[in-house]
Amino acid sequence: MKILIVVTNRYCGPMPVVPIGACLVAEAAERDGHAVRVLDLMFAINPVHALESELGNFKPDIVGLSIRNIDNNDMQNPVAFFQDLKPLVKTIRNNVRSTLVLGGAAVAVMPEELLRYTGADWAILGDGEVVFPELAASLSKGEFPNRIPGIAWCENGIFRKNAGYVSRFSDGCLVPDFYRWIDMHAYLSRLSTVPIQTKLGCHFKCVYCTYRKIEGYDYRFCDPAMVVDTIEHLADMGFRDIEFVDNVFNSPYEHAFAICEGVARAQPDVRLQSLELNPLFIDDELLTVMEKSGFVGMGITAESASGIVLEGLQKGFTSEHVRIAARVVQRHKIPCLWIFMLGGPCETKDTVQETLHFAEQFIRPKDVAFFNIGIRIYPGTELEQRAREEGVLASPPQEMLEPVFYLSPNLDLDWLLSAIRNVLKAHLNYIDSNTIGLSFLPALNRLGYRAGVRSPLWRYTRFIRRGLRLFGMDV
């Protein structure tokens, strides 16, 4: 069959994300004998026109819409990405009689809502590179593919899904041949990193998180030796900036350690990073081997330094774990981005001040603190239930495609915004969602690339903010 995969994500902040999932799906479908094209709309000047042209030239039997995010998860400046889907779907329906399939992380989070919103025929819930080829094979035979694990559909107005179990990493394919499918130079010139995933699944039970809904609870590992081979292969292809995009890179500890140890032995010419480290599994031994393996940046998703809030979020670690991790970080050279999420369950002025005091006490000037305000509420999470019980949320699940956020009833939003503005003024190494959403940031990325700056850009936060202040921009 002729298959067109459309990458719908166009969000460039703070830098464009390489669509590894869509490329993996394309390669998997091609290996099954289908004729496959990928249309990446990230840099398209006119997305609808680009899609219309591709449909006219290729005339696909199946069109797959890859949907990464529903919105930008920003309470202060919310942007609903899902609204961009309607013009694309209309263009598809007006030009071809193709089967329309939805896939991507966003679809696994809210499959029914996105199916009803778009009117698509099928949705992929499991791992796309496994499920999509099975769906295409069934459709090519004229079958009704309702028995395939990992799909969802609407039948006579009723939402149906067939979850089942989907395996992964069985064929050893961790990364696709990016250059075949997308304009990698356009991504690299904007300081994008090359993503690699070493496992699926998550054991943590954070009240707001959707990772277990997307990937499942049980861990599915890639052999550390295979990860090392893949990194060496990427280095041979000229890719230098590689990012581990596991939902939590250092859990389990032994798996992450084995990968870093293998890379340290192989010594490929790469710059590694991960923005998803859990404070519970940070010690001197791990950071030492990360340094030896070539890490140039890491992010710790602490969310809060208050024990009360961490318990309310069900993070699985305590404020003492956060402080221990901070002391370990101080003994090592890897630049660190500390990620905090203010306004969660049990948050008060006192707990916010506790987190801000931690940042002033423990975060080095060369490191960066990112403060996000409010938590996006998704259907089926414990946060949704709590928000309804507290009267924070009234919208029914079918209306939650529109961004809805949780903010502790014990907290005044105006006070919180003022507190964050004040600490950002006092600390040039602090940023918030307004900072990473700056309209000129993509241009700044390109200028930095030409000047020899390499990812992660947040390492230069102090210098960028100081320079912008000279031009009267206190951001």
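The values are calculated or read from the model by the stated rules, or taken from the named source; none is laboratory data. Keep in mind that this is a model prediction, so the values were computed, not measured. Neighbour counts run over all protein chains shown; Cβ positions are idealised from the backbone, glycine included. Areas reflect the complete protein model, heavy atoms only, side chains present, ligands, DNA and RNA absent. Shrake-Rupley method; radii C 1.70, N 1.55, O 1.52, S 1.80 Å.
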Region 207-222 residues that are farther than 13 Å from Leu383 by Cβ, paired with ones that are open to solvent by less than 30 Å² (accessible area, probe 1.4 Å) and β-branched (Val, Ile, Thr) (beta carbon under 7 Å, 6 or more apart): Ile214/Val109; Cys222/Thr198
Failed criterion for Ala326 (all others in (1) in a helix (DSSP H, G or I); (2) surrounded by fewer than 18 Cβ atoms within 10 Å (Cβ to Cβ) hold): (2)
Can you confirm whether region 370-382 contains a residue that is out of contact with any His (no Cβ under 9 Å at 6 or more places or on another chain), open to solvent by less than 60 Å² (accessible area, probe 1.4 Å), assigned to a helix (DSSP H, G or I) and not basic (Lys, Arg)? no
Can you give me the number of residues within region 83-122 that are under 19 Å from Glu134 (Cα atoms), open to solvent by 20 Å² or more (accessible area, probe 1.4 Å) and touching a Gly at 6+ places or on another chain (Cβ under 8 Å)? 2
Inspect region 244-265 for any residue being over 23 Å from Lys315 (Cα atoms) and either touching a Cys at 6+ places or on another chain (Cβ under 7 Å) or part of a loop (DSSP other than H, G, I, E, B) (or both) and give the result as yes or no. no
Just give me the residues in region 14-33 being in a helix (DSSP H, G or I) and small (Gly, Ala, Ser), in sequence order. Gly21, Ala22, Ala26, Ala28, Ala29
Need pairs with beta-carbon distance below 6 Å; first residue of a type in the set (Gly, Ala, Ser) and within region 352-364, second open to solvent by less than 20 Å² (accessible area, probe 1.4 Å); sequence gap 6+ or separate chains. Ala359/Ala369
Filter region 393-413 down to the residues that are farther than 13 Å from Val109 by Cβ and surrounded by 18 or more Cβ atoms within 10 Å (Cβ to Cβ) and list them by number. Leu393, Val404, Phe405, Tyr406, Leu407, Ser408, Leu411
Can you name the helices (runs of 4 or more DSSP H) wholly within region 171-226 that have at least 2 residues being closer than 16 Å to Val245 by Cβ and not charged (D, E, K, R)? 211-215
